[in-house]
Each structure stands twice: as structure tokens, then as C-alpha cells.
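Taking it in order: structure first as C-alpha cells, then the write-up.
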Amino acid sequence: MATEDTISLLKLLLLGPLAYLIDLASVPLSPLFPFPLATTLHAARVGLAYKGRTKALGHDGAMKAKGRGVEWAGYLVMCWGGSFITSFLQQTPPPQLLSPLPWIQYLSVYTLISNPAFTALLPSPAILDTLLPIIDGLTRSFPISGAVLSTSTHPNPSIRGSLMFQLLCGGLAASGGGIAATTLNVFSPEWRISTPPILFTGLLGCLDFLAGSAAAGIFGFLTASHPAYLPFIDTAKSLVMTPSPAKPAATAAAALMTVLGARSVVVLFLSIVYATRAFMLHWYSTLIAPPRPVAAGAVSGEKVGSARDATRIVVQDKEEGKKRV
């Protein structure tokens, strides 16, 4: 079938390289720094966003005067907020509290990227957002897929049997850090509780949560993480797979993809979402929005009103001259 050929080509050209990247990001970098590339990239990406936000708000100097502990704590809230929230909902201890290694990794990476000599070499936040959507998609695919896998195999049958809970945890795994950081105002030396931004910031403000929930649904559908997906999986197989006499029909319980393959699809989906958001936030108004119409008669940047005023003054001078004569 043509559909099968298209899917095979898609796997070869797009999902294959992404799967290789995911495998590469899952192994420790070196014996001296025994941490995966994925969490290292996440620590650096969130660190750049946190540092850029504190500087944009003018709180960088006050944060340094308050002490490094305040800055470190705010940064870790932004990094681990989603993990802490989903762990709380699943009634399990956050993995960051079970070992000192995450603390060593994240604080060491933040110390490096917050150094003025390093930040001076970085491009603007708009350029970073434009160039790094695949990094954002890669780093968020791990907590999203982890949330789906942990809820689908949870010992509590109420959690294990709830599709809504899977999607909720997927969305919070992707956006919980940003929601917690903004709600607690960790970008200022004086923390305070405020309204969660997801409640009033519109579609772009909710995009992280919505994209995370959608990615959780995609991952769950491809890996058959919930019985609610099974009829749709069976329909999808009947549409894209050629029936074979020796193997008449695939069972509905079988997943469409492995965990690695489904995670590759999630990375592709999130990369497209974050690239679109970067374009809408940073480039749409300058590249797509039409320029304001210039009124006829405006010459060399002068306003039309100014030209009319000058004409009126000249006419008045002529009339006054005639009266004098």
C-alpha cells in the first residue's frame, strides 16, 4: 500500500535520526561527568531561560545581593517543578530527593552557564528560541513519556485506569516547572505567591501544558498505554497495514510503535510546536504583519498635519499682506 510506503519513508528520513538522537541523549557523557546528555541539555536550557528572565526583570543584581541560595532555589524550582508536581499526584517520592547526583549535575551546569564570560557569548533569547526547538522537544519528551509510562503501570488501579490522569500528568510534566516558577515569582529575590499564569495568559501561555498533554496522548496512543486507545489502534492498523493470508489481522492490544519510536514522534511533534511558537512570538509581527498605510501627501517623513499647518500659515501671511496694502 502507498500508505505503508509513506510511513516507512517517514521513519527512515525523520524518525530514524530522532531515535538515534534520543539514544545518544540517554547515555552518560563521560566517566568524569556521569550524567545523560538529555538532563544536561535540560539543565542548560532552563538555566538560560531563568537567567534571561531575571535580567529582563532587572532583578539580577538584587538576586546576587540576596545570596546564591535564593537564585539556585529559584532555578531548581523551574527545572524540577513538573517532576515534583507529578510525583505528588502519583504519591511517589520525587527522584531528585533520592540521590544527590541530580543536585550536583544541575547546579554545576547552572554555575557554568550563568558565568558572565559565558553568557556574553550567547545570542539573544529570540535567536535561542528559534534555533533550539528540537532541543526543547527532546528534553521534554523524556518527562512526558515517563509520566505516561509511570501512570499506565501504577499500582493504584484508579490511577492506572484513568486516561485523563495520563494526559494531565503529561501536560504538567512539560509545563509544571514554568507554572511553579511564575506562581512563586522565583525570578525576584522576594518570593510571593501569585495567580498561576496558565489561568490568564491565553493560548500561548497555556501552550506548554496543551502541547504536553497532546504529546502524552500521541505517546500513549502509539504505545497502547490505555485500553481506551485500543479501538483506534485497531482502526489505524486496518488503514495502514496490508492484510496477509498467513497473518490475517493484528491484535488490537499490540502497540503501533516501541517506546523509542513513539518518543521520536513526540520529539518531532514538540519541535514543530515550539518552532511555531518562536516564530509567532519573535518574528511574526516583523515579517508577516502588514505595515501601517502611509497617508498620501506625506513627504520625507513629515506628517500630513504639519504640511497642512505650514500651508495655512503661508495663506494667512498672504492675506495679511493684501490687507496691509
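The values are calculated or read from the model by the stated rules, or taken from the named source; none is laboratory data. The structure presented is a predicted model; accordingly, all values stated were derived computationally and were not measured. Ideal geometry is used to build each Cβ from the backbone, glycine not excepted, and the neighbour counts take in all protein chains shown.
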Members of region 19-73 found to be under 24 Å from the mean Cα position of the chain (by Cα), aliphatic (A, V, I, L, M) and farther than 20 Å from T139 by Cα, listed by number = A56, L57, A73
Criterion violated by P197 - all others in (1) surrounded by 21 or more Cβ atoms within 10 Å (Cβ to Cβ); (2) without any contact (Cβ under 8 Å) to a residue 24 or more places away in the chain satisfied | (1)
Does at least one position in region 170-193 carry a residue that is in a helix (DSSP H, G or I), without any contact (Cβ under 8 Å) to a residue 24 or more places away in the chain and touching a Cys at 6+ places or on another chain (Cβ under 7 Å)?
-> no
The lone exception for I159 - which of (1) over 29 Å from Y284 (Cα atoms); (2) of a type in the set (V, I, T); (3) surrounded by 19 or more Cβ atoms within 10 Å (Cβ to Cβ) it fails = (3)
In region 189-210, the residues that are of a type in the set (S, T, N, Q) and farther than 23 Å from C169 by Cβ | S194
Residue that is small (G, A, S), farther than 18 Å from M78 by Cα and modelled with pLDDT of 90 or more, where the choices are S124, S152, S175, S194 | S152
